Amino acid sequence: TGQVTLDTGFVNTASCVSSITYIDGDQGILRYRGYPIEQLAEQSSFLETSYLLIHGELPTSQQLTEFTNRIQHHTLLHEELRRFFDGFPRDAHPMAVLSSAVSALSTFYQDSLNPFDDEQVEISTIRLMAKVPTIASYAYKKAIGQPMLYPDNSLGYVENFLRMTFGVPATPYEIDPVFVKVLDMLLLLHADHEQNCSTSTVRLVGSSQANLFASVSAGVNALFGPLHGGANQAVLEMLQRIQSDGGDVNAFVRKVKNKEDGVRLMGFGHRVYKNYDPRAALVKKAAQDVLGRMAKPDPLLDLAMQLEEIALADDFFVSRKLYPNVDFYTGLIYKAMGFPTTMFTVLFALGRLPGWIAQWREMINDPDTKIGRPRQVYIGYGQRDYAPIAGR
Ligand code: CMC
């Protein structure tokens with residue numbers, strides 16, 4: 001079978017060719033389809049960037065209108081799917097609910113599961129983009145015991161999501177335009193990041209020719225972990241812990257450096273970026289804007305900025321090239337918007353969705369795709385003889 005080399009964590013193994021996202025981790029560069037993330041964050045929108053990722057080019061205004069209208073048309077969940085939410089325990093983590101509900105989409109849309117039929121893939125794409133925000137809000141409503149609100153298709157993508165999440169039937173919901181703009185940008189910043197853990201999962205599952213819903217559901221589960229998408233929740237919990245322990249940032253940093261109980265500075269470090277994550281710079285600016293207009297400043301922002309300053313001047317972090325990543329400041333913004341910590345990773349999933357879809361579509365259309373099947377280095381016993389139970 002030839003020589004097998006070991007690369008745990010795939011640190012130096014490319015699994016595919018791709019023309020979607022470019023990262024230069026040493027210089028802190030991120031581009032979607034060639035466009036710098038800074039330009040997209042400032043001038044594009046989440047849906048336009050989703051189109052770009054999925055279809056390869058920025059849409060014309062007619063293409064964007066059609067894409068947006070089709071997504072708006074599919075926001076409703078099947079009533080039977082809505083009933084699924086009654087069956088989950090109330091304290092279920094919304095990421096677990098999200099992955100289950102996305103997985104269940106393949107039971108409702110059996111007409112669009114053929115990965116090699118372009119029209120079926122396109123309608124699955126639209127359904128996912130349309131229904132995932134509805135599922136996410138329902139997961140939240142279930143957790144807090146409020147009635148679920150049907151989508152309102154006269155609203156934009158992010159407005160609709162905010163209204164379904166925070167609105168109640170009794171009172172009209174006033175949508176804060178600053179929150180809409182910032183959340184749209186945060187989703188855009190998360191939209192793709194080449195072969196990260198969840199995207200590689202989507203591709204690996206899809207390489208067996210599993211359908212798009214099944215593959216994306218697997219991606220949601222991969223994103224759930226605290227070293228990946230779960231980091232945004234972990235950052236806020238870390239800040240809250242530091243605050244409740246008296247706010248001693250230096251003591252916390254010492255703990256991290258001594259690797260006490262394996263504690264890490266969450267929201268710092270990245271497999272690819274060995275420089276400031278360009279998304280983190282944009283998020284930090286947005287956090288200062290959003291939190292700056294609050295009547296009562298959030299002391300956690302101050303803690304986060306102190307942590308960053310101390311870490312960036314400390315040899316432990318400098319020598320390991322550990323910089324803030326995209327998750328370091330996002331949680332503070334989500335908190336200011338009213339999201340509970342358990343919803344943070346769900347927001348990451350909403351953002352990453354077009355990236356998963358684009359990568360899955362690239363994978364399925366690549367004639368060189370083979371089923372993903374890593375090798376191993378076996379270190380167990382050689383052959384030995386079975387011992388009857390009485391003699392063990
Ligand atoms: N705090 C303290 N030490 C760290 C951290 C951190 N956040 N990250 C890495 N290190 C140390 C690590 O202990 C190791 O030190 P040593 O050489 O002494 O053993 C060295 O830096 C290299 O770390 P690694 O674990 O080999 O690096 P990796 O590329 O395998 O891990 C990472 C990347 C993102 C999992 C890691 O940096 C980490 O755990 N960060 C905290 C969690 C986090 O913020 N994740 C979000 C990542 S960005 C968005 C996303 O993907 O979801």
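Looking only at the stretch 106-153, count how many residues are aromatic (Phe, Trp, Tyr) and either within 19 Å of the chain's Cα centre (by Cα) or closer than 24 Å to Asp91 by Cα (or both).
Filtering the stretch 106-153 down to residues aromatic (Phe, Trp, Tyr) leaves 108-109, 116, 138, 140, 150.
Among the residues that remain, those that are also either within 19 Å of the chain's Cα centre (by Cα) or closer than 24 Å to Asp91 by Cα (or both) are: 138, 140, 150.
Summing the residues that are aromatic (Phe, Trp, Tyr) and either within 19 Å of the chain's Cα centre (by Cα) or closer than 24 Å to Asp91 by Cα (or both) in the stretch 106-153 gives 3.
Which one of these does Lys257 not meet: (1) over 22 Å from Leu350 (Cα atoms); (2) free of Cβ contacts under 8 Å to residues at least 40 places away in the same chain?
For Lys257, the failing item is (2).
Please specify each residue of the stretch 25-53 satisfying the condition of being crowded, with 18+ Cβ neighbours inside 10 Å and of a type in the set (Ser, Thr, Tyr).
Within the stretch 25-53, Tyr32, Ser44, Ser45, Thr49, Ser50, Tyr51 meet the criteria.
Can we say Gly267 is of a type in the set (Gly, Ala, Ser), within 11 Å of the ligand (Cβ to nearest atom), in contact with a Ser or Thr (Cβ under 6 Å, 6 or more places away or on another chain) and in contact (Cβ under 8 Å) with a residue 12 or more places away in the chain?
Answer is no for this residue.
Here is a list of conditions, (1) more than 13 Å from the ligand (Cβ to nearest atom); (2) at pLDDT 90 or above; (3) not in a helix (DSSP H, G or I), and Lys284 meets all of them except one; can you say which number that is?
Of the numbered conditions (1) more than 13 Å from the ligand (Cβ to nearest atom); (2) at pLDDT 90 or above; (3) not in a helix (DSSP H, G or I), the odd one out for Lys284 is (3).
Would you check if there is a residue in the stretch 150-157 being at positive phi and more than 12 Å from the ligand (Cβ to nearest atom)?
no
List the number of the failed condition for Ser154; all other conditions in (1) buried (at least 17 other Cβ atoms within 10 Å of the Cβ); (2) farther than 21 Å from Asp289 by Cβ; (3) not acidic (Asp, Glu) hold.
(1)
For the stretch 272-290, indicate whether the set of residues that are of a type in the set (Asp, Glu), touching a His at 6+ places or on another chain (Cβ under 7 Å) and touching a residue at least 60 places away in the same chain (Cβ under 8 Å) is non-empty.
Quick first cut of the stretch 272-290, residues of a type in the set (Asp, Glu) only: 277, 289.
Right, trim to touching a His at 6+ places or on another chain (Cβ under 7 Å) and you get 277.
Then drop every residue that is not touching a residue at least 60 places away in the same chain (Cβ under 8 Å), which leaves 277.
Within the stretch 272-290 (the criterion being of a type in the set (Asp, Glu), touching a His at 6+ places or on another chain (Cβ under 7 Å) and touching a residue at least 60 places away in the same chain (Cβ under 8 Å)), the answer is yes, since at least one residue qualifies.
Please verify whether the stretch 187-199 includes one or more residues that are in contact with an Asp or Glu (Cβ under 9 Å, 6 or more places away or on another chain) and polar (S, T, N, Q).
There is at least one residue in the stretch 187-199 that is in contact with an Asp or Glu (Cβ under 9 Å, 6 or more places away or on another chain) and polar (S, T, N, Q).
For the stretch 308-321, which residues satisfy the criterion of being closer than 17 Å to Lys255 by Cβ and either more than 11 Å from the ligand (Cβ to nearest atom) or touching a Lys or Arg at 6+ places or on another chain (Cβ under 6 Å) (or both)?
Glu308, Ile310, Asp315, Phe316
Filter the helices (runs of 4 or more DSSP H) completely within the stretch 315-377 down to those with at least 3 residues that are touching a residue at least 12 places away in the same chain (Cβ under 8 Å).
327-337, 344-365
Is it fair to say Val249 is hydrophobic (A, V, I, L, M, F, W, C) and in contact with an Asp or Glu (Cβ under 7 Å, 6 or more places away or on another chain)? Working first, answer last.
Details: hydrophobic (A, V, I, L, M, F, W, C): yes; in contact with an Asp or Glu (Cβ under 7 Å, 6 or more places away or on another chain): no.
Answer is no for this residue.
Looking at (1) under 21 Å from the mean Cα position of the chain (by Cα); (2) modelled with pLDDT under 95, which is the only condition Gly391 fails?
Among (1) under 21 Å from the mean Cα position of the chain (by Cα); (2) modelled with pLDDT under 95, the lone unmet condition for Gly391 is (1).
Please go through the stretch 62-99 and pick out each residue that is outside any helix (DSSP H, G or I) and loosely packed, with under 14 Cβ neighbours inside 10 Å.
Within the stretch 62-99, Pro89, Arg90, Asp91 meet the criteria.
Given the criteria over 18 Å from the mean Cα position of the chain (by Cα) and buried (at least 21 other Cβ atoms within 10 Å of the Cβ), does Leu265 qualify?
Numbers: over 18 Å from the mean Cα position of the chain (by Cα): yes; buried (at least 21 other Cβ atoms within 10 Å of the Cβ): yes.
For Leu265, the condition - over 18 Å from the mean Cα position of the chain (by Cα) and buried (at least 21 other Cβ atoms within 10 Å of the Cβ) - is met.
Val272: within 11 Å of the ligand (Cβ to nearest atom), of a type in the set (A, V, I, L, M, F, W, C) and modelled with pLDDT of 90 or more, yes or no?
yes
Could you please find all residues in the stretch 115-141 being free of Cβ contacts under 8 Å to residues at least 40 places away in the same chain and not in a helix (DSSP H, G or I)?
Asp117, the sole residue that qualifies.
Mind listing just one residue for me: the one in the stretch 341-388 that is surrounded by 10 or more Cβ atoms within 10 Å (Cβ to Cβ) and among the polar types (S, T, N, Q) and, of those, nearest to the chain's Cα centre (by Cα)?
Applying the filter and picking the extreme gives Thr345.
The values are calculated or read from the model by the stated rules, or taken from the named source; none is laboratory data. All values reported here derive from a predicted model rather than from experimental measurement. Positions of Cβ are generated from backbone atoms using ideal geometry, with glycine treated the same way; all protein chains shown enter the neighbour counts.
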